[in-house]
1. If a residue must be of a type in the set (A, V, I, L, M) and within 11 Å of L30 (Cα to Cα), how many such residues does the range 48-77 contain?
2. Take the residues in the range 33-44 that are in contact with a helix residue (DSSP H, G or I) (Cβ under 9 Å, 6 or more places away or on another chain) and surrounded by fewer than 15 Cβ atoms within 10 Å (Cβ to Cβ); name whichever of them is nearest to S15 (Cα to Cα).
3. Going through V45, V3, V70, V50 one at a time, which residue ends up being modelled with pLDDT of 90 or more and either of a type in the set (A, V, I, L, M) or out of contact with any strand residue (DSSP E or B) (no Cβ under 8 Å at 6 or more places or on another chain) (or both)?
4. Report yes if K47 is loosely packed, with under 12 Cβ neighbours inside 10 Å and in a loop (DSSP other than H, G, I, E, B), otherwise no.
5. Determine the pairs where a residue that is in contact (Cβ under 8 Å) with a residue 24 or more places away in the chain, located within the range 64-75, has a partner that is crowded, with 17+ Cβ neighbours inside 10 Å and of a type in the set (V, I, T) with Cβ atoms under 9 Å apart, the partner being 6 or more residues away or on another chain.
6. Could you tell me which residue of the range 60-80 is nearest to I21 (Cα to Cα), considering only residues that are part of a loop (DSSP other than H, G, I, E, B) and touching a helix residue (DSSP H, G or I) at 6+ places or on another chain (Cβ under 7 Å)?
Amino acid sequence: MKVQYIDEYKKSIDSKYKLCIAAAKRARELGEYLSAQKNMERISVIKPLVDVESHDPLEIAFNEIKEEKVTFEMKKKESE
């Protein structure tokens, strides 16, 4: 995986912790998609939103976040 710097993601996500969570969740979805595609199965996960030569789900996820194709929103806690 190409070395990328956190400064490249500052306009998309303001916290490195949010960046890690968003990348991990999206990479998990992409892993399921790539696995299903390899086994010729149907799955309801959105295919990669960027064109990259890599088949590494984490690298694809970081590129999607960098190009602002994927965003991260915090859920608001409902008051009891």
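The values are calculated or read from the model by the stated rules, or taken from the named source; none is laboratory data. Everything numeric here is computed off the predicted structure, so don't read it as measured data. Every residue, glycine among them, receives a Cβ derived from its backbone with ideal geometry; neighbour counts consider all protein chains shown.
1. Count: 4.
2. Ranking the qualifying residues of the range 33-44, first place goes to I43.
3. Within the list V45, V3, V70, V50, the selection yields V50.
4. yes
5. E64/V70; I65/I13; T71/I13; T71/I65; F72/I13; F72/I65
6. This residue is F72.
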